[in-house]
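Every number in this text was worked out from the coordinates using simple rules, so none of it is lab data. Quick caveat, the model's predicted, so the values are computed rather than measured. Methodologically, a virtual Cβ is constructed for each residue, glycine included, from the backbone with ideal geometry; neighbour enumeration extends over all protein chains shown.
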Amino acid sequence: MFAGAMVAIVTPFKNGAVDETALRELVEFQIEGGTDAIVPCGTTGESATLSHEEHHQVINIVVNAVSGRVPVIAGTGSNNTAESIRLTQYAKDVGADGVLLITPYYNKPSQEGLYQHFKAIAESVDIPNILYNVPGRTSVDLLAETVGRLAELPNVVGIKEATASMQRASEIIACCGEDFDLLSGDDFTFFPQMCVGGRGVISVTANIFPSLISGIYDAFTGGEFVQAQKLHHRLQKLCTTLFIETNPVPVKSAVAMMGKIEDELRLPLAPLAPANRERLAQVLREYELI
């Protein structure tokens, strides 16, 4: 159902509030760059520090700015099942095409708890669900066998898999079948994961270089595997630099250096360290992004 080069879009702030004008302009930049879907309110969108009202606001802005040109997959996950259902219902009501559901963080449910959490959401709101597994952030790992159980539910259509493991990617395909949308949650593994059956990426790097990310996908799906491999290797230095500190600190600084947003984060995230800022700027110059 969902495939391609997708962006985990940043949430621009100005004087402490969501910058609607900048967000709309970022959506246009993404669509012009060939991005296949917009994903607001994910980790990169600082969802953890958005109020419920701001969460609604960002989803609504993106849905309206996109205006049906590409799918919008709204981040509506939470470690509170009832809250996630409410956010998911809102996303459906305002016209999102799907939702991205993070594994519950902090409370560390068992595999059965994870299954029941996602099952409750899938059965409460009739909208395509993409699961999101990123153990490094949540301290809980959604195992392939559990994904396989969830894939039997009609609304569960895919997973953003961010373990960076090709073995895990292969296990998910074995458990869920080829019709299940396996999406990379790590820019580093976008190309390798497609080689084992993945269908795309929800990308951080696409925030600053959407045409490179979409170029990898287009080359791969067009049978130009050598070109896709070359673009994959071109991506690596830029991608590495965007993770010199906790995401989304470097990528928001990069988008700001490109003149598209204010360089504004919310605590507990702190501004990029001066040495890392200079390193990031140098790499952006190398890629002719600034």
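Shape analysis of the range 19-115 places it in the prolate category; the axes a ≥ b ≥ c from the Cα gyration tensor give an a/c of at least 1.5, with a/b above b/c. Multiplying the residue separation of Tyr105 and Glu32 by 0.36 nm and subtracting their alpha-carbon distance yields 22.8 nm. Projecting the alpha carbon convex hull of the range 93-140 along each direction and taking the average yields 3.6 nm². Within the chain, what's the longest run with no GluC sites (Glu not before Pro) in a DSSP loop and at most 12 other beta-carbon atoms within 10 Å? Give the range, please. The longest uninterrupted stretch comes out as 1-151. Spin-label pair Asp263-Arg279: with each label point 7 Å from Cα along the Cα-Cβ axis, the two points sit 1.6 nm from one another. Only helices enter this figure: runs of n ≥ 4 DSSP H residues, each worth -39500 (n - 2.57), summed and divided by the residues of the chain, yield -14000 deg cm²/dmol at 222 nm to the nearest 500.
Put a dot 7 Å past the Cα of Cys195, heading toward its Cβ, do the same for Ser170, and the two dots end up 1.2 nm apart.
Rounded to the nearest 0.05, the FRET efficiency derived from the C-beta distance between Lys230 and Thr49 at R0 = 22 Å is 0.05. Cβ crowding within 10 Å, taken as a proxy for footprinting-reagent exposure, orders Ser47, Ser124, Ser211 from fewest neighbours to most as Ser211, Ser124, Ser47. Can you classify the range 4-224 as rounded, prolate or oblate using the Cα gyration tensor, where a ≥ b ≥ c are the square roots of its eigenvalues, rounded means a/c under 1.5, and otherwise it's prolate if a/b beats b/c and oblate if not? Oblate.
The range 180-235 and the range 134-156 have their alpha-carbon centroids 22 Å apart.
Listing His117, His56 from fewest to most neighbouring C-beta atoms within 10 Å gives His56, His117.
Using only Cα atoms, what Kirkwood radius does the range 82-176 have, in angstroms?
Details: mean 1/r = 0.0746 Å⁻¹.
About 13.4 Å for the range 82-176.
Between the beta carbons of Ala17 and Val94, assuming R0 = 22 Å, the FRET efficiency works out to 0.65 to the nearest 0.05.
Hey, which of these cross-link pairs are over 31 Å Cα-Cα: Lys160/Lys260; Lys119/Lys237; Lys160/Lys230; Lys14/Lys230; Lys92/Lys230?
From the list (Lys160/Lys260; Lys119/Lys237; Lys160/Lys230; Lys14/Lys230; Lys92/Lys230), the Cα-Cα distance tops 31 Å for Lys119/Lys237; Lys14/Lys230; Lys92/Lys230.
Of the three principal axes defined by the Cα atoms of the range 158-290, the extents in descending order read 45, 33, 21 Å.
With a Förster radius of 30 Å applied to the C-beta separation of Glu123 and Glu25, the computed FRET efficiency comes to 0.20.
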